[in-house]
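Structure first, commentary second.
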Amino acid sequence: MLNEVGFVDVELVGETGFNSSPVTKGVLCRARKSAISDVGRFEMQPKDALSKYQEFFNAAYAEGTLDRKTKHLIALGASLAAGCDP
Amino acid sequence: METNFNSDERKRIREGINEKYKRVAISPEGKFSYPTGRVGLEGQKYDPEVLKTLSEDILASYCGVGNPFSLDTVNKGEAVLDIGCGASVDTLVAAITVGPEGKVVGIDLVPEMLERAKANLKKTSLKNVTFQEASAETLPFPDKSFDVVISNGVFNLIPDKAKALREVFRVLKSSGRFLLADQILMGDMPADTESMVKNWAR
């Protein structure tokens, strides 16, 4: 159920030994909200948006006057200059 | 797995919880099949240094089923929510752990329990704790309010567990942790809703 809600690293750690009744057991459990849970929401967007972006990406890096490797090196230089990860 | 209770059943579940826990608020002694109070806290290996700072009558009000703090480190300065804080022993342990730069909120459904929690808080010098009467199914906090959510022996009493878990997820910040001690049912759910409602908080 915790996974369905969106938690990650869900772990049933063990029993506590404190049981309320003969048919229940005390347990310890931990879960974490992902650091990129908002990015996860982006992934839930209609597939169209992602595939259009992929089309743009492929077109931009397609072999042309400049080859693919040169374009990637320019992108790397630009992203470093802008202070962002490539 | 989940049972959809109608409004009458939910009302009776709530009344059953209130009935039991207003007695527990006076003293948990003899009302659980496991050790409560100081013996319970020591059995669950709470930090003796933290327990030392709380008075005996505060420790006596503990009726948790496990130690949420054994699951992960709670850091100085963090914001913690305790769902179903009861008499507030875990809330106060969290408040000592996060220190004056941190803050802790305890919520509970049972007014008598919150009164006991406030009385316990008054016996300390902690300034970073607040209490609210609220349901776990509808948390009265904005998204991403807390670094840590703890809960001890409470989720088994919540009729709509999926809704409550979605609320925990919503109020946690990114990378926030949910540290849970609780009772799980071994074997099948009772097929009979009537007996389930009647025995909910027993």
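A compact table of results
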{"read-out": "Residue satisfying all of: in the range A:15-25; surrounded by fewer than 21 Cβ atoms within 10 Å (Cβ to Cβ) and in a loop (DSSP other than H, G, I, E, B); modelled with the highest pLDDT among these", "value": "A:Gly17"}
{"read-out": "Qualifying position, being within 26 Å of the chain's Cα centre (by Cα), within 14 Å of another protein chain (Cβ to nearest Cβ) and at pLDDT 85 or above, among A:Leu2, A:Leu28, A:Leu73", "value": "A:Leu2"}
{"read-out": "Counted residues, the range B:65-87 - those being crowded, with 24+ Cβ neighbours inside 10 Å and over 8 Å from the mean Cα position of the chain (by Cα)", "value": "6"}
{"read-out": "Hits in the range B:72-126 - residues which are part of a loop (DSSP other than H, G, I, E, B) and acidic (Asp, Glu)", "value": "B:Asp72, B:Glu78, B:Glu101"}
{"read-out": "Criterion (without any contact (Cβ under 8 Å) to a residue 40 or more places away in the chain, part of a helix (DSSP H, G or I) and small (Gly, Ala, Ser)) met by exactly one of B:Gly40, B:Gly30", "value": "B:Gly40"}
{"read-out": "Within the range B:172-191, tally of residues that are facing chain A (nearest Cβ under 7 Å) and either under 21 Å from A:Thr24 (Cα atoms) or at pLDDT below 95 (or both)", "value": "11"}
{"read-out": "Residue, farthest from B:Lys103 (Cα to Cα), within the range B:43-77, restricted to residues that are among the charged types (D, E, K, R) and within 14 Å of chain A (Cβ to nearest Cβ)", "value": "B:Lys45"}
{"read-out": "Residue within the range B:10-18 that is within 14 Å of chain A (Cβ to nearest Cβ), in contact with a Leu (Cβ under 8 Å, 6 or more places away or on another chain) and surrounded by 23 or more Cβ atoms within 10 Å (Cβ to Cβ) present", "value": "no"}
{"read-out": "Residues located in the range B:1-34, provided they are among the aromatic types (Phe, Trp, Tyr) and farther than 15 Å from B:Leu109 by Cβ", "value": "B:Phe5, B:Phe32, B:Tyr34"}
{"read-out": "Search result, residues across the range B:161-170 that are under 16 Å from the mean Cα position of the chain (by Cα) and more than 7 Å from chain A (Cβ to nearest Cβ)", "value": "B:Ala164, B:Glu167, B:Val168"}
{"read-out": "Boolean, B:Gly153 is within 23 Å of B:Ile58 (Cβ to Cβ), facing chain A (nearest Cβ under 9 Å) and in contact with an Asp or Glu (Cβ under 9 Å, 6 or more places away or on another chain)", "value": "yes"}
{"read-out": "Qualifying residue in the range B:131-142 (condition: part of a helix (DSSP H, G or I), out of contact with any Cys (no Cβ under 7 Å at 6 or more places or on another chain), more than 17 Å from B:Pro68 (Cα to Cα) and more than 10 Å from chain A (Cβ to nearest Cβ))", "value": "no"}
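The values are calculated or read from the model by the stated rules, or taken from the named source; none is laboratory data. If you're wondering where the values come from, they're calculated on a predicted model, not measured in any experiment. We place every Cβ from the backbone using ideal geometry, glycine too, and count neighbours over all the protein chains shown.
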